[in-house]
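**Q** Got a structure for you, written out below as C-alpha cells; questions coming shortly.
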Amino acid sequence: SVEIIVCGMSCQKGCADGIDKKLKTVPGILKSKTKIETGICKVTFDDQKISIANILDIIVEKGYTAKLKV
C-alpha cells in the first residue's frame, strides 16, 4: 500500500471518487480510497502487476498532480 498526495481536487463526488473509480478498473489495483479533506489517495496494489509510477501517471492523466507521500 502507498499514500499519494493529490492536488487539484475540488470535490469528493466528482474528483476524489472519480480517481477511485478509474484506479479500481486498472489490473493490479486492489483497493483505492481518496479523501478530498486530506488530499490523500490510499492505494493497495500488486507490485507484480503495476508500479507506483504507473499509478501516479493514471492520476496525472485524470488532470491532477500526484506525488508519493513519504
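**Q** Any residue in region 9-18 that is surrounded by fewer than 18 Cβ atoms within 10 Å (Cβ to Cβ), of a type outside the set (Phe, Trp, Tyr) and under 9 Å from the mean Cα position of the chain (by Cα)?
**A** No, region 9-18 contains no residue that is surrounded by fewer than 18 Cβ atoms within 10 Å (Cβ to Cβ), of a type outside the set (Phe, Trp, Tyr) and under 9 Å from the mean Cα position of the chain (by Cα).
**Q** A further question follows. Would you pick out the residues in region 56-67 that are open to solvent by less than 90 Å² (accessible area, probe 1.4 Å) and free of Cβ contacts under 8 Å to residues at least 12 places away in the same chain?
**A** Asp57, Val60
**Q** Every residue in region 19-55 that is open to solvent by 30 Å² or more (accessible area, probe 1.4 Å) and touching a Lys or Arg at 6+ places or on another chain (Cβ under 7 Å), please.
**A** Matches in region 19-55: Lys22, Pro27, Lys33, Lys42, Thr44.
**Q** Let me ask something additional. Could you figure out which of (1) at pLDDT below 95; (2) part of a loop (DSSP other than H, G, I, E, B); (3) open to solvent by less than 90 Å² (accessible area, probe 1.4 Å) isn't true of Val70?
**A** (3)
The values are calculated or read from the model by the stated rules, or taken from the named source; none is laboratory data. Computed from a predicted model, the values in this text were never measured in an experiment. In this analysis, Cβ positions are derived from the backbone assuming ideal geometry, glycine residues included, and neighbour counts consider all displayed protein chains. Surface areas here come from the heavy atoms of the whole protein model, side chains and all, with no ligands, DNA or RNA. Shrake-Rupley method; radii C 1.70, N 1.55, O 1.52, S 1.80 Å.
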